[in-house]
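The values are calculated or read from the model by the stated rules, or taken from the named source; none is laboratory data. Worth saying up front: this structure is predicted, and the values here are computed from it rather than measured. In this analysis, Cβ positions are derived from the backbone assuming ideal geometry, glycine residues included, and neighbour counts consider all displayed protein chains.
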Amino acid sequence: MYSRQWIKGSPQLQKALGNTGWLLVDRMLRMLIGVTVGAWVARYLGPGQFGELAYIMAFIAFFQVIAGLEANGFIVRDIARDKEDAAIILGTSLRLRLVAGVTSWLSAILLISLLHPGDGKLCLLVAIVGATLLFQASDTVDLWFESQSQSKRTVIAKSASYLFSNGIKIILLLLKAPLAAFAGLLSLEAAALAIALTVAYRRYPTTERWRADRAQAKKLLHLCWPFIASGLMITAYMRIDQIMLKEMLGERELGIYAAALALAQVWNVIPATLVASLAPFVAREKSRGEAEYQNALVKIFRSFALMAVTGASFTALLSHWLVALLYGAEYRASAVVLCTLVFVNVFIFQGIAQSLWIINNNVRIVNLIATSLAALISIVANLFLIRSYGIMGAVFSYLIAQGTSVVLIPCLLRRDLLGLYKRAFLGMARAQQSPGR
């Protein structure tokens, strides 16, 4: 009841949630198609080759952080505050991302060749998948639409590009294509999305032509470098389990784990979509006053927690049926992994919600310290737990790392964040007892 009253009392929040509806339609459609076709690909490739592809994607993920600059929140925030500077902000961001994308791609190829000098096939696959880094700069267009709550303008284009790439994927499956073809399709999908976003932008452009500005570039790099470092640490504790599983147990075990992880991550589309539309609203609440800002965060934290627990419980109950239906007998062990792994979403949902607090409070160092410690803990935990418990050791390490990064360290460092969590969760029972509040 209090949530409905909160929404009705805020026209800006209603606009943000309306924009979220368009985003959810797009991303839920993509999620359903992705899970279905992705499971078909996993069945076709088998745990071994599927694990090899998962390893390459985990490796490239580190370079995606650098190529993306981790500046989305700042860009959306600044444009929402001052639309007149949109052309300079977006133009500068695009230029920086283009340079970072090319540099990251070349660096990925060089590093994998140094780590695996005798594995020409692996180096080739990394070069193919790494080409996605070249098209990542096109995401800048999407930030313009997010800042203006106009994401519906890209839904059709993004869905069309996604349908196109999955259509090609089905053709490859029917033709029994090799692993390299599926790796190349990842880059083709990124290229198709870049074209689609460009077309969408031409229908709703900024009032001025985009241009890069050196002062804006320095400002953006100054703001985002801790988030790049933090993003690398986040990628480390979210992806290092896959890399270590492959190195310690082999591609097949990683394939089993990756199949469960794909199903567990299905729910992440919800908080990622919501936070993109809520970012401008929270920024405006911050400018209105501290009380309004904190009330908004408390309700967001609480809502995200309820969604996470509900989704995780539902998935755990149906885990054996889902794995059997989607992946088949070869992936039977993935069901056991999924039952536990899906509850990491409780921390992931809160981490995504917490990003709103980090950006608006400008507490980059707290985020960097928390993620750095979590990355270190993840590496050490995986090293010992994988040896003792196999695939489940990676699951336990993932839970420990997420809990450390999202809750333990930030709350120890910042009492104001701890206070927000106390209000959100200790006050939940009281809010439920007072529906008219």
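Scan (1) surrounded by fewer than 21 Cβ atoms within 10 Å (Cβ to Cβ); (2) in contact with a helix residue (DSSP H, G or I) (Cβ under 7 Å, 6 or more places away or on another chain); (3) at pLDDT below 85 for the single condition residue 170 breaks and write down its number.
Residue 170 satisfies all of (1) surrounded by fewer than 21 Cβ atoms within 10 Å (Cβ to Cβ); (2) in contact with a helix residue (DSSP H, G or I) (Cβ under 7 Å, 6 or more places away or on another chain); (3) at pLDDT below 85 except (3).
Of all residues in the stretch 153-186, how many are within 30 Å of residue 143 (Cα to Cα) and not charged (D, E, K, R)?
So the answer is 19.
Return the total of residues in the stretch 190-229 being touching a residue at least 40 places away in the same chain (Cβ under 8 Å) and either out of contact with any helix residue (DSSP H, G or I) (no Cβ under 8 Å at 6 or more places or on another chain) or of a type in the set (Asp, Glu) (or both).
2
Every residue, every condition in (1) at pLDDT 75 or above; (2) buried (at least 16 other Cβ atoms within 10 Å of the Cβ); (3) under 20 Å from residue 183 (Cα atoms); (4) not small (Gly, Ala, Ser), yes or no:
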position: 127; (1), (2), (3), (4): yes, yes, yes, no
position: 131; (1), (2), (3), (4): yes, yes, yes, no
position: 143; (1), (2), (3), (4): yes, yes, no, yes
position: 155; (1), (2), (3), (4): no, yes, no, yes
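Restricting attention to the stretch 370-388, which residues are among the small types (Gly, Ala, Ser) and under 16 Å from residue 231 (Cα atoms)?
If the condition is that a residue be among the small types (Gly, Ala, Ser) and under 16 Å from residue 231 (Cα atoms), then 370, 372, 374, 375, 378 are the ones that fit.
Go through the stretch 374-412 residue by residue and tally those that are at pLDDT below 90 and either among the polar types (S, T, N, Q) or surrounded by fewer than 18 Cβ atoms within 10 Å (Cβ to Cβ) (or both).
Residues in the stretch 374-412 being at pLDDT below 90 and either among the polar types (S, T, N, Q) or surrounded by fewer than 18 Cβ atoms within 10 Å (Cβ to Cβ) (or both): 1 in total.
Give me the pairs: first residue in the stretch 314-330 and part of a helix (DSSP H, G or I), second residue aromatic (Phe, Trp, Tyr), beta-carbon distance under 6 Å, and six or more apart or on different chains, which are they?
323/331
So that you can scan it fast, the table gives a plain yes or no per residue for (1) surrounded by fewer than 21 Cβ atoms within 10 Å (Cβ to Cβ); (2) within 16 Å of the chain's Cα centre (by Cα); (3) of a type in the set (Lys, Arg); (4) within 12 Å of residue 275 (Cβ to Cβ):
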| position | (1), (2), (3), (4) |
| --- | --- |
| 310 | yes, no, no, no |
| 320 | yes, no, no, no |
| 330 | yes, no, no, no |
| 333 | yes, no, no, no |
| 337 | no, no, no, no |
| 345 | no, yes, no, no |
| 349 | no, yes, no, yes |
| 353 | no, yes, no, yes |
| 357 | no, no, no, yes |
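Which of the residues spanning the stretch 191-207 are part of a helix (DSSP H, G or I) and not hydrophobic (A, V, I, L, M, F, W, C)?
Answer for the stretch 191-207, where residues must be part of a helix (DSSP H, G or I) and not hydrophobic (A, V, I, L, M, F, W, C): 198, 201, 202, 203.
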